[in-house]
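Notes follow the structure.
The values are calculated or read from the model by the stated rules, or taken from the named source; none is laboratory data. These figures come from a predicted structure and were not determined experimentally. Note that each Cβ is placed from the backbone with ideal geometry, even for glycine, and that neighbours are counted across all protein chains shown. Areas reflect the complete protein model, heavy atoms only, side chains present, ligands, DNA and RNA absent. Shrake-Rupley method; radii C 1.70, N 1.55, O 1.52, S 1.80 Å.
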Amino acid sequence: MARDPGIARRVLGSGLVLLVSEQRKEPLFTAMLSIEAGSRYERKELAGVAALTASALVEGTAGRSAGQIAEAIDGIGATLDVVPSYETVTLSITGLSRYMADALEILHEIVSEPLFNPVDIEDSRRALLSEIAEDVDDPYHVAQRELSARVFAGHPRSRPTNGTRESVARLSRDEMADHFARRYTPGNSVLSIAGHVDSERALALAERCFEHWKGDKSEQTEPAPPDLSAASRSDIRMRREQVHIVLGHLGVARAAPDFYALRVLDVILGDGAGFTSRLAIRLRESKGLSYVIESDITGSAGLDPGLFWVYTATLPSQAEQAIECIRSELERARSEEPTEQEQQSSIAYLLGQRLADRETTEGICARAISIERYSLGLDYDARYPDIIGSVTSEQVLKAARRVLHPDLLSVVLVGPRADSTS
């Protein structure tokens, strides 16, 4: 077992990685199980199988019905969440620390003994189809999906993590069971525990609860890295008062050597607090073109390159002006170093954000999993202030020039045309 003052780590013979972070503020704990079972690992024709399988996990096991699982969770005053994403499916239980052993037993049962009863699968399918229907009626989601489809054409990231209406409607129980058998193994998983717990006791409890969970790390052909695509434009009609605009192109992977300079650039450009970012100052405060303006470079960075995007909403008659203002700010980011105030304010914001992440047991668990998944080192939290604090304005400018390509932006507009009133 390797450990530092913040994280205790143990790897079981099955390959399951256990992480424990002691936090003595409140008598609470979170157990978060992260499994490499997201949409990255599904075939195109099975889009949505990862999300549907994840949803069906809590619909019944060999030992309990869905109702009994819910009663067991309620009985210990806990909450259970299952969240599918691009890389992973995450199951988390939060509750009182004295019930941690019961919670871990429930968590193990859910991921090792699901029934996938046909009737329950249909309930999960209806819920997922309803979620998809909400997304396709939301101009923001429509724009983001279209942008991803263009930027990542032919790559797993081009597909929505919850699939499409057509693909989800035809998924079979056998396809779900196959996805479960291939991906839900301890060798693909990290269990992170945080809260008012003793590290040694928590590790021992987790090892005892999951000792019978078997399965090697899955063989998986890695998707070919996406290429930086040519500029494109898509206008999608939707009856709304405003036009919703998303611009973007290929982003970076988590392993990018200038990742931390790009984090600082994120805050400077459009991911900062309030309306202090460059994009907010230009489009909202100076031009009065929009109320909402945000951007992201590193948020989706993972094993594969993520998406760089900028989002805003404005009146149809102002759409082209807004797009040109955004392009102008991206060009400025490539030509001007951040000011000393921008640099220091962004670093302070990121350090404060890190502290906020550690205010909840869920945030602590998620951060520990990220440290493990991306091989950042158990001492990462201790090193982080120096890593961010040492980023220079020169490094930010160099990173901007490498990553931002205003001439290769794909632009998606969702809403009425400039000459339309509906």
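Annotations
- Mean accessible surface per residue for segment 239-301, computed with a 1.4 Å probe while every protein chain stays in place, in Å²: 39 Å²
- Estimated distance in nm for a label pair at L303 and R383, the labels positioned 7 Å out from Cα along Cα-to-Cβ: 2.2 nm
- Across segment 279-332, the relative contact order, built from alpha-carbon pairs under 8 Å that are at least six residues apart, equals 33 percent.
- Evaluated at q = 0.13, 0.14, 0.17 Å⁻¹, the base-10 log of the normalised Debye intensity for segment 63-216, with identical point scatterers placed on the Cα atoms, takes the values -0.77, -0.87, -1.15.
- Binning all Cα-Cα separations of segment 83-127 at 5 Å, short to long from zero, yields these whole-percent fractions: 5, 16, 18, 23, 22, 11, 5, 1.
- Share of carbon and sulfur in the accessible heavy-atom surface of segment 264-422 [1.4 Å probe, %]: 49 percent
- Over all projection directions, the Cα-based convex hull of the chain averages an area of 20.6 nm².
- Difference of contour (0.36 nm per residue) and Cα-Cα distance, A101 to R182: 26.4 nm
- Put simply, the convex hull of the Cα atoms in segment 316-419 casts, on average, a shadow of 9.6 nm².
- Within the accessible area of segment 163-211 (1.4 Å probe), percent carbon and sulfur: 46 percent
- Solvent exposure of segment 36-149, expressed per residue, is 39 Å² of accessible area, with all protein chains present and a 1.4 angstrom probe.
- Per-residue SASA remark: V83, around 80 Å² accessible (1.4 Å probe; ligands, DNA and RNA not included).
- The distance from the alpha carbon centre of segment 80-132 to that of segment 368-404 is 33 Å, rounded to a whole number.
- Apolar share of the accessible surface for segment 1-154: 51 percent from carbon plus sulfur atoms, 1.4 Å probe.
- For segment 259-296, the residues whose amide N sits under 11 Å from a probe point set 7 Å from the Cα of L315 along the beta carbon direction are 289-290.
- For segment 247-400, projected area of the alpha-carbon convex hull averaged over all directions, nm²: 9.3 nm²
- Cβ-derived FRET efficiency at R0 41 Å, S172 paired with S234, nearest 0.05: 0.80
- Span from the segment 196-248 Cα centroid across to the segment 254-290 one, whole angstrom: 23 Å
- Considering only alpha-carbon pairs that sit under 8 angstrom and 6 or more positions apart, the relative contact order computed for the chain is 22 percent.
- Applying 0.36 nm per residue to the separation of Q220 and A356 and subtracting their alpha-carbon distance, the gain on full extension is 45.4 nm.
- Sorting 246-253, 387-394, 234-241, 142-149 by average packing, meaning the other beta carbons within 10 Å per residue, from highest down gives 246-253, 142-149, 387-394, 234-241.
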